[in-house]
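Notes follow once the structure below has been shown.
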Amino acid sequence: MSAVTFDTLKYVETLKTAGVPEPQAKVQSEALKEVRNTEVATKHDLTEMELKVEAKLEAVKYEIIKWNTATLLAATGIFAAIVKFWH
């Protein structure tokens, strides 16, 4: 994000010239400076985050399938051993 300089003194002077009392002009200037310094997410940031979330979701899906398959195979082996034992 590129930084853009905000001249708070010039902004206060502009407001005062328009008839805004100095204390109010100073408060507005500080509030606007705060808003301008707040970072916001861009579409690119959101797309990048979406791709990361999707990749992690795929990894979790893979782990779930892997563990379900292993559990199913183990259960099948145990069941086969029980059936063989009883016959």
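No value in this document is a laboratory result; all are computed from the given coordinates. Since this is a predicted model, take the numbers as computed values, not measurements. Don't worry about glycine lacking a Cβ; one is built from the backbone with ideal geometry, like all the others, and counts go over all protein chains shown.
Worth pointing out:
- Members of region 11-30 found to be loosely packed, with under 10 Cβ neighbours inside 10 Å and part of a helix (DSSP H, G or I), listed by number: Thr17, Pro23
- Selection status of Glu39, in a helix (DSSP H, G or I) and among the acidic types (Asp, Glu): no
- Pairing each residue of region 15-33 that is within 18 Å of Thr5 (Cβ to Cβ) with any residue that is basic (Lys, Arg), provided the two are 6+ apart or on different chains, yields no C-beta distance under 8 Å.
- Among the residues of region 74-84, at least one is surrounded by fewer than 10 Cβ atoms within 10 Å (Cβ to Cβ) and more than 35 Å from the chain's Cα centre (by Cα).
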